[in-house]
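A.B. asks: Below is one structure. I have some questions about it.
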Amino acid sequence: MFKYFIVIVSLFILSCGSSKENNNEKEKSPCENYSCENSECKVDIGANTAFCKCNDGYILSPSDKHICIKKEVDLCIDKQCNENEECNINTGNCDCKTGFVKKDNACVEEITDLCANKQCEESEECNPNTGECICKSGFEKIDDVCKEIVANNTHSVIIYGDNRDHEIEISGYKHTIDSKHPKVVAAMLNEINTNPNHIEYIFNSGDLVWDGKDPEHDAWDDFFKEIKPLVDMGITYYPIVGNHEHADPDDHTNGGDNFFNLFDLPETEQYYHVDLYGIRFLALNSNIDISEGSPQREWLIDKLDHIPSDIKFVIAIYHHPTFSTGHHGDDGDKTDLRSILHPLLVEKGVDIVFNGHDHAYEHLIADGINYIVTGGGGAILDQTQLSVGDYEYSEKFEGKKYHYCLLTIDGDTITIKAKGADERSNDSTPFEVFDTVTVQSHR
Ligand SMILES: [Fe+2]
């Protein structure tokens, strides 16, 4: 019996010893040695891991899961403010935005009257943004004083022609006599640089090169080199077909289409129109048919019958002169121009015609139309008049000056100034006015 008691006690002791070891393992919590700042350590029973549960008002630091940081209270969360208001994060109130003030329970733009008590001159007004006195509309500051702006409605364009070289044949050899075109271009550049008006357009009444069909393009290359300074200044250059261009748009093999390939002109390119500064410019081709029923004449009638109301003048430009006492004064070229074209221009009220072909300057008046021959662009000058019947129309002839015509348009008036220099003058001689023609609008 005692033996069995000892066995039972021994088993109990053994049993108790084993139970005590198990209890020690359970007491070793994951929170032991697990630090938590501003928080309490908790055990995730399922995972048997520790974690910090933040105290009220704290949130776990994004960078350290052992530390809880104080939670900022966003008083503006879900706060709706009115227009021109913004929520104050410290108070949670809706305050006026910067630049606005509370007025009648609404935030209105704060107006600071910088011009209050500001005294400006009669031609000035106060700038509410700066409080400075500035010129009123229609006035400009000159020498620190606001003066009325004088509207500048004047514009200028240049028309000239016959700038080509000249070729002669001696004993079977061709010789080129260079034109004085560079001298005329230099004078036009000076005009552009010194004229108070911004000159943007130049018309050439034809004979730009000796032979427009030149397959080598040498003459054209020279021409474009010569006008390059004008093009570089932004000038728009309108050429009109002369007889030396030998232009034939259908001649694609013999250089007849050179003119049309080298320029990008309006409409048919043979004849076209541009409206500038209240003037309708009509560029015609006097080498081709202008008789009744011809396409060119039909086109011309259409342009003359449909003139916009803001057009004050109509100017036609073509190469061969209708009236002239110069070298071509008795040419058959002008027969059709005089018998067919001139009556149409008179009937439709054309104001001015510019021609070339004669290497001279001439102003003629026929049936109310001012005809200007301007062929002094650089080709050998014609020097003298012929004894032909056009003397009755001639107002002024000048055959010894390289020149260009400067047109100045001022409202209802066009002033044409022929400006040139003697053919024997050196290249630096300034071009001076040697004829002035004034034309009034009748529209
Ligand atoms: Fe010509």
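A.B. asks: Running a GNM on the chain with Cα contacts under 10 Å, which residue among Gly368, Gly349, Gly57 ends up with the highest mean-square fluctuation?
C.D. replies: Per the Cα network of the chain with a 10 Å cutoff, Gly57 tops the list.
A.B. asks: Which net charge results when you count Lys and Arg as +1 and Asp and Glu as -1 among the other residues whose beta-carbon is under 14 Å from that of Ser156?
C.D. replies: Combined, the nearby Lys, Arg, Asp and Glu give -1.
A.B. asks: Could I ask something else about it? To two decimal places, what compactness ratio does the range 223-289 give when its Cα radius of gyration is scaled by 2.2 N^0.38 Å?
C.D. replies: 1.21
A.B. asks: Same structure, new question: Between Arg424, Arg164, Arg280, where does the largest GNM mean-square fluctuation fall for the chain, given springs only between Cα atoms within less than 10 Å?
C.D. replies: Evaluated over the chain, the most mobile residue of the options is Arg424.
A.B. asks: Please list, in chain and number order, the residues 5+ apart from Glu85 or on another chain whose amide H is under 5 Å from its amide H, with Hs placed from the backbone.
C.D. replies: It is Lys97, by chain and number.
A.B. asks: Quantify how much of the Cα-Cα distance distribution of the range 257-308 extends past 14 Å, in percent.
C.D. replies: Tail of the P(r) past 14 Å holds 56 percent of the pairs.
A.B. asks: Moving on to the next point. Which one of Ala47, Val73, Gly278 is farthest out on the positive end of the charge dipole of the chain, using unit charges on Cβ (Lys, Arg +1; Asp, Glu -1) and the Cα centre as origin?
C.D. replies: Looking along the dipole axis, the top candidate is Ala47.
A.B. asks: Moving to a separate point now. Any idea what % of Cα-Cα pairs in the range 154-440 are farther than 25 Å?
C.D. replies: Above the 25 Å cut-off, the range 154-440 has 43 percent of its Cα pairs.
A.B. asks: Could I ask something else about it? Just how large is the dipole of the chain about the Cα centre, in debye to the nearest 20, putting +1 at every Lys and Arg Cβ and -1 at every Asp and Glu Cβ?
C.D. replies: Roughly 2860 debye, rounded to the nearest 20.
A.B. asks: Cα-Cα pairs above 24 Å in the range 141-282: how many percent?
C.D. replies: 42
A.B. asks: While we're on this one: What is the spread of the Cα atoms of the range 221-334 along each of their three principal axes, largest first, in whole Å?
C.D. replies: 40, 37, 32
A.B. asks: Taking the 0 to 90 degree range and rounding to the nearest ten, how far is the long axis of helix 295-305 tilted relative to the main principal axis of the chain, both from C-alpha atoms?
C.D. replies: 70
A.B. asks: OK, next. Which of the listed residues, Gly138, Thr112, Pro128, is farthest toward the dipole's positive end in the range 21-150, when Lys, Arg count +1 and Asp, Glu count -1 at the beta-carbon?
C.D. replies: The residue sitting most towards the positive pole is Thr112.
A.B. asks: Another question, then. Taking neighbour Cβ counts within 10 Å as the exposure measure, how do Thr268, Thr408, Thr253, Thr335 sort from fewest upward?
C.D. replies: Thr253, Thr335, Thr268, Thr408
A.B. asks: Okay, next question. What 222 nm value per residue comes from the helices of the chain, counting each DSSP H run with n ≥ 4 as -39,500 (n - 2.57) and dividing by all residues, nearest 500 deg cm²/dmol?
C.D. replies: Taking each H run of at least 4 residues, the total per residue is -5500 deg cm²/dmol.
A.B. asks: Would you pull out the residues with amide H under 5 Å of Tyr402's amide H, same chain only if 5 or more places away, H placed 1.01 Å from N?
C.D. replies: Long-range HN contacts for Tyr402: Ala421, Glu423.
A.B. asks: Rounded to the nearest 0.05, what FRET efficiency do Asn48 and Asp78 give with R0 = 41 Å and r taken as the Cβ-Cβ distance? Could you check?
C.D. replies: Using R0 = 41 Å, I get an efficiency of 0.55.
A.B. asks: Shifting gears a bit: Treating only the Cβ of Lys, Arg, Asp and Glu as charged (+1, +1, -1, -1), what charge dipole size does the range 207-272 show about its Cα centre? Round to the nearest 20 debye.
C.D. replies: About 240 debye.
A.B. asks: Choose one of Asn261, Gly242, Pro308: the residue whose Cα lies farthest towards the positive end of the charge dipole of the range 240-316 (beta-carbon charges +1 Lys, Arg; -1 Asp, Glu; about the Cα centre).
C.D. replies: Pro308
Readers should treat all values here as calculations from the given coordinates under stated rules, not as data from a laboratory. Here the structure is a predicted model, which is why all the values come from computation and not from measurement. Cβ sites come from the backbone with ideal geometry, for glycine too, and all protein chains shown count toward neighbours.
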